[in-house]
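J.: Please read through the structure below; I'll follow up with questions.
The values are calculated or read from the model by the stated rules, or taken from the named source; none is laboratory data. The model shown is predicted, which means the values in this text are computed figures rather than measured ones. Cβ coordinates were reconstructed from backbone atoms using ideal geometry, including for glycine residues, and neighbour counts include every protein chain displayed.
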């Protein structure tokens, strides 16, 4: 019973990760850029040059590609936990 609920919860988290990763990517990008340029902030990403927005978008698309390629295997593994 517990493993079934845990497996269903993990499948839900896995599917929602395609949406929840966007703020994580943005925060990570701001942290990396601010370590290189101390004056860089989220406002620079939001209102700044479009190259920053394209980089964040490219990272997100790369994550979606990785997610799409591994979705079948992860879902199958998590469904095995139910039984």
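J.: When segment 38-53 is examined, which residues are found to be assigned to a helix (DSSP H, G or I) and either closer than 13 Å to residue 26 by Cβ or within 16 Å of the chain's Cα centre (by Cα) (or both)?
T.: Pass one, segment 38-53, residues assigned to a helix (DSSP H, G or I): 42-47, 50-53.
If the condition is that a residue be assigned to a helix (DSSP H, G or I) and either closer than 13 Å to residue 26 by Cβ or within 16 Å of the chain's Cα centre (by Cα) (or both), then 42, 43, 44, 45, 46, 52, 53 are the ones that fit.
J.: Let me ask you something else. Considering only segment 42-83, state which residues are surrounded by 13 or more Cβ atoms within 10 Å (Cβ to Cβ), more than 30 Å from residue 8 (Cα to Cα) and modelled with pLDDT under 85.
T.: Those that are surrounded by 13 or more Cβ atoms within 10 Å (Cβ to Cβ), more than 30 Å from residue 8 (Cα to Cα) and modelled with pLDDT under 85: 44, 45, 48.
J.: Which is more than 30 Å from residue 78 (Cα to Cα) and either over 12 Å from the mean Cα position of the chain (by Cα) or assigned to a helix (DSSP H, G or I) (or both), of 19, 30? Even if it seems obvious, please write down each step before you answer.
T.: Values: 19 fails: more than 30 Å from residue 78 (Cα to Cα).
Checking each option against the conditions leaves just 30.
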